[in-house]
Structure formats: C-alpha cells, structure tokens
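Each remark here refers to the structure printed beneath this line.
The values are calculated or read from the model by the stated rules, or taken from the named source; none is laboratory data. Keep in mind the model is a prediction, meaning the values are calculated, not measured. Virtual Cβ from ideal backbone geometry, glycine too; neighbours counted across all protein chains shown. Note: accessible area is taken over every heavy atom of the protein model, side chains too, but ligands, DNA and RNA are not part of it. Shrake-Rupley method; radii C 1.70, N 1.55, O 1.52, S 1.80 Å.
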Amino acid sequence: MTGGIDIDSVGSGHGGGNGRDSSHDGGPDGDDLAACEPDREPDPSDSLRTWGAVQQALREHAGYSRAEFADLVRFSKHTVESVELGRRMPDESYVVRSEELLGNTGALRKSSKYVTRGRGDVGLAAWFREWARLERVAVSLCTYECRLVPGLLQSEGYARAVFDNSIPLLSDQDLEDQLVARLDRQKLLRARHNVPFSFIVEEHVLRRRLGGVEVMRGLYDHVLELTAPRNVTLQIMPVDTEFHACLDGPVRLLETPKRQRLAYSEGQQNGRLISDPKEASLLYQRYDTLRSQALNPKDSRALLERLRGEL
C-alpha cells in the first residue's frame, strides 16, 4: 500500500469537495474502498426523469409558472428546474409541499418512494468520486479548510457563487450539475445523526464576502443550522493565532466501518486519497492539534453570529 494515490483530473471539467465538487481509476487494497467505475458521466435515472416530468405537468396544469411554484414550495427556481428535468432528487419537504399544491392526490408522495438517482456522482470531479462514496459510509468525518467554506456546509447561494467564479466559466448545465451534487452531499449531515462530523474553518474564509452580503447572510444562517445538532462540531481558527498545526493546507479525514483511517487532500485540478497508515496517522495528529488551537464550538458559534450581525 502506497503513501497516497494521486488522482489526476484527466479530461474532467467537473469539480470537488469545496470548490468544484471531486475518484480515481483504482483504490488501495481493502474491502472498505469501493471499486471505481469507468470514468463517464451518467445520465439521470428513468424514474427520476419520469417523476420530474409528472410534477412539471401537474404544475403547468395548475397554472403555476416555475418561479411562482418555487416560491410556494420554498425552494429556488433553479432547484425546481433541476427536479423537473430529472437532474436532482426531490427532498421529502419538496415532495410534501408539491403534493399539497398540486391536488393532494397522493400520486407524487407515493411515487417518490421509487425514485432513484442512478450512479449518483453527476457533477463530481473524477478525482473526488471515490472519496464522496467513502463519505456515505464513514463512521466519522473531519474537515479542515483554509480556502472556502467546506462543501458540506455551503448554502445554495454560496455554492452557486463558488461555481460562478470557476475558470474557465462553466456552462449552465455543468453549473447546475455541480450545484446539485454539492447539495446532495449535504444530506449526509441531516441523515446520519449518529456520525460525528468535525469542521475547522479559518476565520478569514468566513469573513470573505463571496457572492455579496445577502449570500453571506444566507451562508451564516445555513452553517449555524447545520452545525446545531450535537453530532456536528464547528470550530473557527482565529486570524490572530500564534500557532497553527496545518500550515501545509486543507485536509479531510474519515474512518471506515472497519476502522480504517483514510485522508484526502486536494489542490488545483487534482486530489489525493491517502491510505498509508503512517501518513494518515500524521494528518490525524495535525488535526487533533489544530482542534486544541482553534476556538471551541461555543465561541465559534458566537463569532459566526457576530459576523452575521456585522453585515
């Protein structure tokens, strides 16, 4: 087993964990690492396209424009479009509100149980897909980020601003695919209540007004909501600290159900899945030290609330 696997972005224009959402053609030995599939972009599943088309037909029959319907179901117009075109799984709350607005026959609610997304990695960069699969089964997840708010914590507006800043510019379709993938990954936080999630984010990242004041206000609210459950911990690394254990850059750590510790680091157009026990152990040591240097969770939430109040 090597010290790490370099995952190059050969031919991939899709993004990673924080910036442009991000597996490689092979993985380390061991049952915990899922075998990678051929590097191709999958189509949405037939059931997802069908559900979306039926909901769209019912919406049009009821006389709602897409924008009007989005306001009523309390989702963005982009989300409604993605659901109707079969690019995004409908959230449970989306299904319930749609059902109430479109006749309350039970058809949308009952059929939503049979909707599948297919392979589930549209919008994820080739170098990131295996890590994204490992996230879904991990028994713990830790993230340190010094560039952007971690992808699992990004609001829709913030994520859209991130993708809007991509160079070269993304097509509308690619942007929507990456946005959908980003928001789908966040279901981990809402669904896996027994899994501990730890995030350490640099203060300067949270002060950068990416996307503008309204986007940042929405981001602060979103982060405060997602980190409220007791299994999700947010710590902020203050700008005036004299010590720092992770000066080499961002890192993510996870533990598999078989207690294998893995790490992941990401740079410009590439990612690296680290399976070597010694190297992974070193990164865990750095992360544990950084935890002691960052603000505690209570003070971190207080700082976030203060930043929101300054807008």
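Count, please, the residues in segment 196-226 that happen to be open to solvent by less than 10 Å² (accessible area, probe 1.4 Å) and closer than 19 Å to Val251 by Cα.
7
Condition check ((1) closer than 22 Å to Val215 by Cα; (2) modelled with pLDDT of 95 or more; (3) in contact with a His (Cβ under 7 Å, 6 or more places away or on another chain); (4) open to solvent by 10 Å² or more (accessible area, probe 1.4 Å)) across all residues:
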residue	(1), (2), (3), (4)
Arg109	no, no, no, yes
Arg117	no, no, no, yes
Arg136	no, no, no, yes
Val149	yes, yes, no, no
Phe163	yes, no, no, no
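Tell me which residues, restricted to segment 276-302, are open to solvent by less than 10 Å² (accessible area, probe 1.4 Å) and out of contact with any Lys or Arg (no Cβ under 9 Å at 6 or more places or on another chain).
Correct list: Tyr287, Leu290, Ser300.
Within segment 236-269, how many residues are in contact with a Ser or Thr (Cβ under 6 Å, 6 or more places away or on another chain) and open to solvent by 60 Å² or more (accessible area, probe 1.4 Å)?
1
Determine which member of the set Thr50, Thr79 is open to solvent by 50 Å² or more (accessible area, probe 1.4 Å), hydroxyl-bearing (Ser, Thr, Tyr) and either part of a helix (DSSP H, G or I) or at pLDDT below 85 (or both).
Thr50
What are the pairs, 6+ residues apart or on separate chains, where a residue within segment 260-274 that is farther than 17 Å from Cys142 by Cα has its Cβ under 9 Å from a residue that is open to solvent by 10 Å² or more (accessible area, probe 1.4 Å) and of a type in the set (Asp, Glu)?
Matching pairs, first to second residue: Gln269/Asp8; Asn270/Asp6; Asn270/Asp8.
May I ask you to list the residues in segment 82-96 that are crowded, with 18+ Cβ neighbours inside 10 Å and over 17 Å from the mean Cα position of the chain (by Cα)?
Val83, Glu84, Gly86, Tyr94, Val95, listed by residue number.
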